[in-house]
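A.B. asks: One structure coming up, written as structure tokens, with questions to follow.
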Amino acid sequence: MEIKISLDEYADVPFIKKLLFQIKGINHIEISENDKTYSWEEIENSENFGKVMEQSENDYKKGKYQELTDDFFLEKEKNVIDQLLKESLRQAKEGKVKELTDELLSQYFKK
């Protein structure tokens, strides 16, 4: 199975990668930009990645880091849910939402 996520140019790709690897079942991450796909090995060996890792290590040594605790992930999850809800409400106002019938829901959820 595959999930594709589109990011803007300011997305924190290293953080997103670390976050995704924490999720059970994810065993490979591939990053592409402008129809060019980069393997994780290419990214790890790139000059920019080395700079990002060096900066990350320096930040850690200076105490500028965020522990990835359960509370941290719960807060991020809450923010994502809030964003999804706002987007859903916006789309509903614009008439872009299908009616959630039992038939439609049964396609996505087991009974």
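The values are calculated or read from the model by the stated rules, or taken from the named source; none is laboratory data. Everything numeric here is computed off the predicted structure, so don't read it as measured data. Virtual Cβ from ideal backbone geometry, glycine too; neighbours counted across all protein chains shown. Only protein heavy atoms, including side chains, enter the accessible area calculation; ligands, DNA and RNA are left aside. Shrake-Rupley method; radii C 1.70, N 1.55, O 1.52, S 1.80 Å.
A.B. asks: For the chain, which whole percent of the accessible surface, found with a 1.4 angstrom probe, sits on carbon and sulfur atoms?
C.D. replies: 51
A.B. asks: With angles folded into 0 to 90 degrees, how steeply does helix 70-93 sit against the dominant principal axis of the chain? Use alpha carbons for both and round to 10.
C.D. replies: That helix lies at roughly 40 degrees to the long axis.
A.B. asks: For segment 1-34, which GluC sites (Glu not before Pro) are both in a DSSP coil and crowded by at most 13 other Cβ atoms within 10 Å?
C.D. replies: Numbers: sites: GLU2, GLU9, GLU30, GLU33; in loops: GLU2, GLU9, GLU30.
Within segment 1-34, the qualifying GluC sites (Glu not before Pro) (loop, at most 13 other Cβ atoms within 10 Å) are GLU2, GLU9, GLU30.
A.B. asks: Holding the Cα-Cα limit at 28 Å, pick out from LYS17/LYS93; LYS24/LYS78; LYS24/LYS62; LYS36/LYS61 the pairs that are longer than that. Please list the in-between numbers first.
C.D. replies: Numbers: LYS17/LYS93 34 Å; LYS24/LYS78 20 Å; LYS24/LYS62 31 Å; LYS36/LYS61 34 Å.
Beyond 28 Å: LYS17/LYS93; LYS24/LYS62; LYS36/LYS61.
A.B. asks: Just to confirm a number: summing +1 for Lys and Arg and -1 for Asp and Glu over residues other than LYS78 whose beta-carbon lies under 14 angstrom from that of LYS78, what do you get?
C.D. replies: Taking every other residue near LYS78 into account, the sum is -3.
A.B. asks: Calculate, for PHE15 and LYS86, the FRET efficiency according to 1/(1 + (r/R0)^6) with r their C-beta to C-beta distance and R0 25 Å; round to the nearest 0.05.
C.D. replies: Computed FRET efficiency for PHE15 and LYS86 comes out at 0.65.
A.B. asks: At 1.4 Å probe radius, can you tell me the per residue accessible area of segment 32-111 in Å²?
C.D. replies: Per residue, segment 32-111 has 96 Å² of solvent-accessible surface.
A.B. asks: Treating only the Cβ atoms of Lys and Arg (+1) and Asp and Glu (-1) as charged, compute the dipole magnitude of the chain about its Cα centre; round to the nearest 20 debye. If you can, show how the numbers build up before the last one.
C.D. replies: Working: 18 positive and 25 negative charges, 90 e Å.
In debye, rounded to 20, the chain gives about 440.
A.B. asks: Summing Lys, Arg as +1 and Asp, Glu as -1, what charge do residues with Cβ under 11 Å from the Cβ of TYR38 carry, TYR38 excluded?
C.D. replies: Here the count lands on -4.
A.B. asks: Not counting ligands, DNA or RNA, and with a 1.4 Å probe, what is ILE26's accessible surface area in Å² rounded to the nearest 10?
C.D. replies: Here the residue's solvent-accessible area equals roughly 60 Å².
A.B. asks: Still on this structure, please answer the following. What do you reckon, how do MET1, MET53 stack up by accessible area (1.4 Å probe), largest on top?
C.D. replies: Values: MET1 230, MET53 75 Å².
Solvent-accessible surface, decreasing: MET1, MET53.
A.B. asks: Then there's this: I'm spelling it out carefully: the read-out is volume of the Cα convex hull per residue in Å³, the candidates are (1) 90; (2) 140; (3) 182, and one was derived from this structure. Which label?
C.D. replies: Identified label for the calculated read-out: (3).
A.B. asks: Continuing with the same structure: Show me the ranking of peptides 62-73, 36-47 by mean Cβ neighbours inside 10 Å, starting with the highest. Don't jump to the answer; show the numbers that get you there.
C.D. replies: Values: 62-73: 9.2, 36-47: 11.0.
Averaged packing, sorted descending, gives the order 36-47, 62-73.
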